[in-house]
1. Of the listed pairs Lys198/Lys288; Lys30/Lys151; Lys26/Lys80; Lys152/Lys262, which have alpha-carbon separations greater than 26 Å here?
2. Under the definition of Cα pairs under 8 Å and six or more residues apart, what whole-number percent is the relative contact order of the chain?
3. Given an 8 Å cut-off on Cα distances and at least 6 residues of separation, report the relative contact order of the range 153-289 as a percent.
4. Hey, could you pull the Cα Rg and Dmax for the range 160-301, both in Å?
5. If the cut-off is a Cα-Cα distance under 17 Å, which lysines reach Lys239, setting aside same-chain residues fewer than 8 apart in sequence?
6. If you look at just the Cα atoms of the range 22-69, how large are its Rg and its Dmax in Å?
7. Tell me, Kirkwood radius of the range 134-235 from alpha-carbon pair distances, in Å?
8. In terms of the ratio Rg/(2.2 N^0.38 Å) built on C-alpha atoms, what value belongs to the range 292-395?
Amino acid sequence: MKLRLIFMLMSISVAAFAQDGDGVFKVKVKGFADSYHAVRCSEPNDWMSSRTRLRGELSLAKNHTELFFSANAVYNSLLKDYSGFKIRELYVSQTFGNFDLRAGRQIITWGVADALRITDLISPMDYSEFLAQDYDDIRIPENALRLKFAKKSFSMDLVFAPVIETFEMPFEKENPWAISMTENDSILSGGKPNFKFKNMEFGGRLSWFLSGVDFSVCTLRTFNKMPVFTMNFIPESGKLLCLPNYKRVTMTGLDVSVPVWKFVVRGEFAEYFDEAQQPDLNGEITFKNTSNTLLGLDFYPGGDWNLSFQYAYQNDNSTATVRISKELFRNTLNINTFAYIDVTNGGVYDRTTFDYAVNDMLHIALGFDYFNADKGMFKMYDKNSEVFVKIKCSF
């Protein structure tokens, strides 16, 4: 199905270029190569990750038409199944007046939250290494049709996605980041929505950019892209059988951003209607309306400092984030720490990175991922604290 969509988009792009007048044909090629390696800090001090990636991006533009293509070629020495060539984005964009129509595989972001999902529910996440990746890298593009109308103080965004993408979850036991319910479970894959018209994802967002305040309202008919698991104990095998489920949900929300002196105050609110709830052992999935709220504060005191704090309340659970960033040595060294705090259960995950720019093209980063939790979302990764090194060369 995905290949048919890709070939269809390529046909559309050829037709668009052919009909787009005699303007100048523009070609842009860029990308990067990076290598990332991480080692567990505690016994047995094994490899947590070891992968090398080549990312290429190609843009073909003529007048008001653009074809954009990006792909990754990955070698993962730890998990061979993650190696290979994978298309990331492939879309054709046509602008006419204040309208922009984009069709194809693309990343779509909504809201003003930083690394938390309140209204930003369209593009799911790659959790193959949980959150121990750059946040931009774990977004999964969707095959979608997107129509945007933009003026100086107002924009409208309409989205239609016939093929639903879901969170990429690591179930293989050899993956240090694998999801585990118990020490003796069997987690199945599948259960994703079929390619049917009734399963289409659709929604819209209206945004206003006024003097002293930006705000948006939105609605989305989608699925819970992070599955809920039905769990049944099998006495014959002594195993817990876990089956992922994806159910319809409707989201209506709003976001606001207000600059005040050296601060930016951000907020998001969303109501999820008939959201599927995680059942107990041998239980059935239930549904309820849930309210989800986020309040954020960014502080820019000068001197290349950046401080940010967020607090989110989602489905009876509280999460906070803290970000502190500082540029040194004429902006060649960036020191950044970003922490998730599971307020409800007392757990924490923090990533601290020292990123040194050798030049505009070459970056070398050293960092540390720290987990500490007795229960909650970070419990299964409590032994996954690691040190890592990353080298990235852009072209």
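Read-outs throughout are calculated quantities, based only on the coordinates presented, and are distinct from any laboratory measurement. Keep in mind that what you see is a predicted model, and the values were worked out from it rather than measured. No Cβ is skipped: glycine too gets one built from the backbone with ideal geometry, and neighbour counts run over all protein chains shown.
1. Over 26 Å Cα-Cα: Lys30/Lys151; Lys26/Lys80.
2. 11
3. Relative contact order comes out at 22 percent.
4. Computed over the Cα atoms of the range 160-301, radius of gyration and Dmax are 19.8, 66 Å.
5. Lys173
6. 19.6, 64
7. 17.1
8. 1.25
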